[in-house]
Amino acid sequence: MIKVLRRKFKKFFREFLLYHNNSLEYRAKVFTLVIAANEHIHPCEEELLMECACAIYKNDEERCEILVETVKEYYEKIITNNGLDFEHLVFQVEKETRDVKRFSAKIDVDALLKFQACEMTADEKLYQLRVIEFLADLKARYT
């Protein structure tokens, strides 16, 4: 119970309390771009997201969970049209990559390509692949 409350508190004040918050936010935006390419977060995508987050933050389960929750938060904002849409998120990721060059190293194309294995329509797969290709190009351009 205390662990859940502490995580919710950190999530709410993550900008002030989390070490390297900007890095976590950037990674969350990148994952959200890939996941938001289709209309729903499938269980396969949730599982892969947790797996990727735990691979990034090996020794910090709480940070891993905060990354996943942040992705879901961004996704919810896009779906409900609550101050963020997909195109705006694309522009934010591109701008942050251009402004902070070290962020380009945080784009793990191999991890993002794993999401192609999840169940989607052919159009959703193609759209998601184009998003991943955009991110790979962004990484190549600013590395």
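Here, each number is a calculation from the coordinates, and none is a lab measurement. Keep in mind it's a predicted model, so treat the numbers as computed, not measured. Reconstructed Cβ throughout: ideal geometry from the backbone, glycine too, with neighbour counts over all protein chains shown.
Dividing the helix sum by the residues of the chain, where each DSSP H run of 4 or more adds -39500 (n - 2.57), gives a mean residue ellipticity at 222 nm of -23000 deg cm²/dmol.
The angle separating the long axis of helix 2-12 from the principal Cα axis of greatest extent in the chain is about 60 degrees.
Connecting C-alpha atoms closer than 10 Å in a GNM of the chain, tell me which of R63, R98, R27 has the biggest fluctuation. With Cα springs under 10 Å in the chain, the top fluctuation among R63, R98, R27 is at R98. Comparing T32, A111, A136 along the charge dipole axis of the stretch 22-142, the residue lying farthest to the positive side is A136, per the Cβ-charge model. Given the alternatives (1) 1.29; (2) 1.01; (3) 0.95, Rg/Rh (Cα atoms, Kirkwood Rh) as computed for this entry is given by (3).
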